[in-house]
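The structure under discussion appears below in the form of structure tokens.
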Amino acid sequence: MLLNDVARVSAEVASVPGRRAKIDLIADLLGACTARLRHDASSARLRHDGSSAPRRPDQTDQADGPDGGADGSEVTMVVAFLSGELRQRQIGVGYAALTDLLSPRAGAAGPVPQSSVPAAAPTLTVAETDQVFAAIGQVTGAGSQAERRRLLAELFGRATEEERSFLVQLVVGELRQGALEGVMIEAVARAAEVPAAEVRRALLVGGSLPAVARAALCGTADPLTPPSPGEPGSLGKQTSADAAPSGNGQAAVRRLDALTALRSFALRVGRPLRPMLAAAAPSIVAAMEKVSPAGVEWKIDGIRVQVHKDGDLVTVFTRTLDDITTRVPEIAEAVRAVPAQAAVLDGEAVALFPDGRARPFQVTASRTGSQIEVDALRGDVPLTTFFFDLLHLDGEDLIDAPAHQRHDALARLLPTGLVVPRTVTEDPQAAQAFFDDAVARGHEGVVLKSLDAPYATGRRGSEWIKVKPRHTLDLVILAAEWGHGRRRGWLSNLHLGARDPATGGLVMLGKTFKGLTDQMLTWQTGRLLELADSPRARPSGDPKDAHGVVRVRPELVVEIAFDGVQVSRRYPGGLALRFARVIRYRPDKTAAEADTIDAVRAVAPVTEPE
């Protein structure tokens, strides 16, 4: 598939406001991609049988290997690109590396590279683009910067104007056309003609949207599933669909292959799952109107950890699925001693004062984020882990079991000191007393959990509800303003946004400069300049002379406390936060985990402006 096709659809998705329209555009492209792969795979077999078939300019021999896409790898590339990601995740290229490839002008779609003259006609394929990104990511050592620039220049030299704009946005992570995960799930399901719930379930246990899309569209099973007779293969091989009748019969076989492939994704010890998330309520009473009776647990102000044990091998993952095992040896040691051959545990790691009170979140985040002098840090800032869920035990997956069964198994498996304190009640007064005690011990509040709910990985539903002493939300920073007075030289006033599930975009809710210490101002200024959507955002002279607004890529999440929500005509969501103030930054969360505009309405009553 030509890169131009992906760039064109990306631009169209950005221009349409409706979620359904975005889904339709992406689904049509994915359908065309898989149809082309089926055609090319069939043509390749004919050529190898002695027949001949004409080739298009963007066509490679699909039988020659995976780079052409016979195994469905092209689908993973297209899905990753449309999601604004690279399959390689990080390739060591940012705005700084692109600066000398950018022209002085910037169009509505973003900066335009000046690496020679844009190609007059599209010839660059998705697979070729992905190969260049892979090559760039593998460049290391002396001269690596120059080599990356050379590879980028060659890539941009083959790209059309539209493709160049798309590539720049893709490389620097600012592709904001609204093809968020929920939209992509629906688009993949529509293109494969399977229920979206099947795609969503595979993603939640499989972790990779491109891999799950490949399963749905190409009938390619989870790569960690051992192959067995009758399981789906790939578009480059003879499958049941090849032998089926044409028309509806063949489509039905492809749907069956897709469902079989999607259902091959399962929990694998050693492969992290997306964590189940909690909704918010303003009070214990409001929470118990949704969940009662409930398991009421401490909400600990630490770092979410998911720990996988496979014999003596223990791996610790964060909520963003990053492996931090070497940074937290005490967690690995504690779980290694657990009397189980295989287990997957969900919990929270926190640094405590000697009296058992939680230390500030920044202390825990600094400890778990450091990769140097781990032993010394462990002595100064030891971590305590409280587990609250058990997802797998000795060959048995528990994510679909009722919560009370999972907790009973957890309590039998772990010593008391590793299990989060908990009470089960349907009495709001008893739950309030437990809440008050948790807050007195320095914890954030409590989480009320349904006793019968399965573990809904990756979802924020009504089965878990958090209650804190104050209203707080996790919001995304959209922009920041240069400060005045004693804050000259710092980016100070923050523009805050919530996710809009209807459009896949972000909705601005207001601004705040309150709650920021000098240390936070210094850190956020540096970080926001790194995220600026223009390489010219960094002041060329004295930062104290800088003024105006710096727009940033929506990646940084901040926890905001506020006193209420009021109707506002100033902001597109029609709402504004009252007396918003910064509590802390949440580098452990991605923008996709920020709160939604619906959560804003639910967490506090909406009032008319005074």
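What follows is calculated from the coordinates using simple rules that are stated; it is not laboratory data. Keep in mind that this is a model prediction, so the values were computed, not measured. Cβ placement follows ideal geometry from the backbone for every residue including glycine, while neighbour counts extend to all protein chains displayed.
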Counting pairs of Cα atoms in segment 300-343, how many percent are more than 11 Å apart?
-> 62
Using alpha carbons only, what's the Rg to Rh ratio of segment 279-367 with Rh from Kirkwood?
-> 1.05
Volume per residue that the Cα convex hull of segment 363-413 spans, once the total is divided by residue count, Å³ = 128
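What translational diffusion coefficient, to the nearest whole µm²/s, does segment 540-592 have by Stokes-Einstein, given a Kirkwood radius computed over alpha-carbon pairs, a temperature of 10 °C and 1.306 mPa s viscosity?
Working: Rh = 14.0 Å.
Using the Kirkwood radius from Cα pairs, D works out to 114 µm²/s.
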Listed pairs Lys22/Lys309; Lys22/Lys544; Lys299/Lys511 exceeding 32 Å between Cα atoms = Lys22/Lys309; Lys22/Lys544
Once phi for every residue in segment 471-487 is put through the Karplus expression 6.51 cos²θ - 1.76 cosθ + 1.60 (θ = phi - 60°), the whole-Hz ³J(HN,Hα) values, with Gly and Pro written as x, are 6, 9, 9, 9, 10, 9, 7, 9, 6, 8, 10, 5, x, 10, x, 5, 9
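Hey, what did segment 314-460 get for relative contact order, percent, Cα under 8 Å, at least 6 apart? All intermediate terms of the calculation are to be shown ahead of the outcome.
Numbers: 177 pairs, mean separation 34.7, N = 147.
Dividing the mean separation by the residue count of segment 314-460 yields 24 percent.
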Cα convex hull of segment 418-488 - mean projected area over all directions, nm² | 8.6
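Which whole-number percent of Cα pairs in segment 458-589 have a distance greater than 16 Å?
Numbers: 5608 of 8646 pairs.
For segment 458-589, the fraction of Cα-Cα distances above 16 Å is 65 percent.
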Estimate the FRET efficiency between Ala153 and His484 by the formula 1/(1 + (r/R0)^6), using the beta-carbon distance for r and 30 Å for R0, to the nearest 0.05.
-> 0.10
Give the Rg (one decimal place) followed by the Dmax (whole number) of segment 332-432, computed from C-alpha coordinates and expressed in Å.
-> 15.9, 48
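Can you give the charge dipole size of segment 291-400 about its Cα centre, rounded to the nearest 20 debye, using +1 on the beta carbon of Lys and Arg and -1 on the beta carbon of Asp and Glu?
Details: 10 positive and 19 negative charges, 95 e Å.
For this selection, approximately 460 debye.
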Which cross-chain or sequence-distant (5 or more) residues have an amide H under 5 Å from the amide H of Arg578, H modelled 1.01 Å from N in plane?
-> Asp563, Gly564, Val565, Gln566
Considering every pair of different Cα atoms, what Kirkwood radius, in Å, is found for segment 448-505?
-> 15.2
The ³J(HN,Hα) series, computed from each phi in segment 432-448 with the Karplus coefficients 6.51, -1.76 and 1.60 at θ = phi - 60°, rounded to the nearest Hz and given as x for glycine or proline, is 5, 5, 5, 4, 4, 5, 4, 5, 4, 7, x, 8, 5, x, 9, 10, 9
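Could you check how many percent of all C-alpha pairs in segment 267-324 are farther apart than 16 Å? Intermediate values should be presented prior to the final figure.
Working: 952 of 1653 pairs.
It works out to 58 percent of all Cα pairs.
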